[in-house]
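Report on one structure; see the data block that follows.
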Amino acid sequence: MSDKNVHKAGFTSSGIARGSLASSIMSDEAKSFGGGVPSGGTTATLQEMGAKSSTHSSGFTSSGISGGSRASQMMSSEATSHGGGVPRGGTTSTIQSISMGGKGGKH
């Protein structure tokens, strides 16, 4: 289900779908980074997972983040860099939200 939700949001094997939630996230991220989308950021990570249908196998599941997975490593890294918590609207929380059928952060 998580891969299907990421595709539905507009992160597909053909690229980011025009007019989709994915295009909105990409636009917002590009604006906040001065015109470009950073490697390893929300858009790049979701697009990679959408193109490969690897959201679920990366540990972002419809029931939460799987222990010992790439997702849990991302969450741990992000929490460490933010003093112990994963920020709302951050990469991990946005990917998890979208993989569960949500809109991710402020979208």
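Things worth noting here:
- Checked against the criterion of being touching a residue at least 40 places away in the same chain (Cβ under 8 Å) and either out of contact with any Phe, Trp or Tyr (no Cβ under 7 Å at 6 or more places or on another chain) or not aromatic (Phe, Trp, Tyr) (or both), the candidates SER62, SER76, SER69 yield just one match: SER62.
- Residue within region 10-20 that is at pLDDT 90 or above, open to solvent by less than 70 Å² (accessible area, probe 1.4 Å) and within 10 Å of the chain's Cα centre (by Cα) present: yes
- All conditions but one from (1) touching a Phe, Trp or Tyr at 6+ places or on another chain (Cβ under 9 Å); (2) over 15 Å from ALA9 (Cα atoms); (3) of a type outside the set (Gly, Ala, Ser) apply to HIS82; the one that does not is (1).
- For region 66-107, the candidate set comprises residues that are touching a Ser or Thr at 6+ places or on another chain (Cβ under 7 Å), aliphatic (A, V, I, L, M) and surrounded by fewer than 21 Cβ atoms within 10 Å (Cβ to Cβ); within that set, the residue that is farthest from GLY40 (Cα to Cα) is MET100.
- Only one of GLN73, GLN47 that is within 13 Å of the chain's Cα centre (by Cα) and under 17 Å from SER99 (Cα atoms): GLN47
- Any chance MET49 is of a type outside the set (Asp, Glu), without any contact (Cβ under 8 Å) to a residue 40 or more places away in the chain and open to solvent by less than 50 Å² (accessible area, probe 1.4 Å): no
The values are calculated or read from the model by the stated rules, or taken from the named source; none is laboratory data. Everything numeric in this text was worked out from a predicted model, so none of it was measured. Note: ideal-geometry Cβ built from the backbone for every residue, glycine included; neighbour counts use all protein chains shown. Please note that ligands, DNA and RNA were not included when accessible areas were found on the heavy atoms of the full protein model with its side chains. Shrake-Rupley method; radii C 1.70, N 1.55, O 1.52, S 1.80 Å.
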